[in-house]
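Just below is one structure, and these are the notes that go with it.
Rule-based calculations on the coordinates, nothing more; no lab input. Quantities reported herein were computed from a predicted structural model and do not represent experimental measurements. Note that we place each Cβ from the backbone using ideal geometry, even for glycine, and neighbour counts take in every protein chain shown.
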Amino acid sequence: MRSIKWGIIGCGKVTEVKSGPGFQKAKNSQLVAVMRRNGALAKDYAERHNVPKWYDNAEDLINDPEVDAVYIATPPASHKEYTLKCALAGKPVYVEKPMARSFEEAVDMVNACKEMGVPLFVAYYRRRLPRFLKVKELIESGAIGEVRFVKVTLYEHVAEEELNPETLPWRVIPEISGAGKFFDLASHTLDALDYILGPIVDASGHNSNQAGLYTAEDIVTASFKFASGVQGIGAWCFSAFEYFDQNEIIGSKGKIVFSSFGVEPIKLITADGHTDFPIDNPVHVQQPLIQTIVDELNGEGTCPSNAESAIRTSCIMDKILGRI
């Protein structure tokens, strides 16, 4: 079995622990090159992580003959551009979430990769985290009977950098992120629910900017429906008084309570009582999904987060925001 040699475009914060080391620690995988527009930062990353090559130009990395596959870890504004360039070069692509700034951009990415016969994977890594696999196992074992509905709640206080127009993070600048923090955070939850309960086939919602700190929405409420008939509601607010992250899957015989971003125990609640399942995340949270990509590229398995699954989440988020 060959070793897949990876290059990273955008070796920023997310690649320091969450993803970057995963390419080095996965079986039959190597990280051979990194790129950042600031060459000094790219060099620093390469030296600290023992990566042989660094670049300050994405095309140079993409066209490096020693790079077999490319991980795009930039903000969403450049996902489409770099994906299309990788497709033209015949290089498999692993792109960060959200997949693109819009469903329309995601469609363009999928079509380009299909046309060139290039695999496209998306970093919805919760599809391989033990916590979410446990929730899926509980559902499929009938622990809560027939699933009836889902309730998603996420709210948090305003971040310090959001108080100053000069220091706004890219996640609240629509030209870069596609929308506000809903796009960045809800995408993880909606995709995880797609994996656990099956595809979401329809959605609608309301959004507005209540705090007036930036142009993107800072509150979103939604209703959605799964192909199975399960229904869901969600509320995401980014100018509340505290942090709260909870998902509830309610069935005919009980419910499962878990968070999207925390590590507190999963709770199974039925008429028989409460059962907690304490499950930690791996150190490098993307490594389990990266392993499935490497395996698929070697013809030894299938990655559960691909273009087909990820584009569904892009579509649903645009429906919630009233774009389509």
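Structure data summary
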item: Reachable aspartates and glutamates, given that their alpha-carbon falls under 16 Å from the alpha-carbon of Lys151 and they are not under 8 places away in the same chain; result: Asp191, Asp194, Asp202, Asp245, Glu248
item: Principal-axis tilt of helix 39-48 within the chain, Cα atoms, nearest 10 degrees; result: 80
item: Reachable lysines, given that their alpha-carbon falls under 18 Å from the alpha-carbon of Lys43 and they are not under 8 places away in the same chain; result: Lys13, Lys53
item: Contour excess over end-to-end distance, with Cα ends at Ile269 and Lys114 and 0.36 nm allotted per residue; result: 51.4 nm
item: Cβ charges +1 (Lys, Arg) and -1 (Asp, Glu), total dipole of the stretch 130-281, debye; result: 700
item: Highest to lowest packing among 255-266, 205-216, scored as the average C-beta count within 10 Å; result: 255-266, 205-216
item: Listed peptides 227-240, 158-171 by packing density, highest first (mean Cβ within 10 Å); result: 227-240, 158-171
item: Cα centroid separation - the stretch 258-324 against the stretch 184-217, whole Å; result: 15
item: Principal-axis tilt of helix 130-140 within the chain, Cα atoms, nearest 10 degrees; result: 40
item: DSSP-defined antiparallel bridges as percent of all bridges, the stretch 99-256, nearest 5; result: 80
item: The chain: Cα Rg divided by the 2.2 N^0.38 Å rule of thumb; result: 1.00
item: Lysines whose Cα lies under 19 Å from that of Lys85, excluding same-chain neighbours fewer than 8 positions away; result: Lys5, Lys97, Lys114
item: Nearest-ten-degree value, helix 307-320 long axis tilted from longest Cα axis of the chain; result: 50
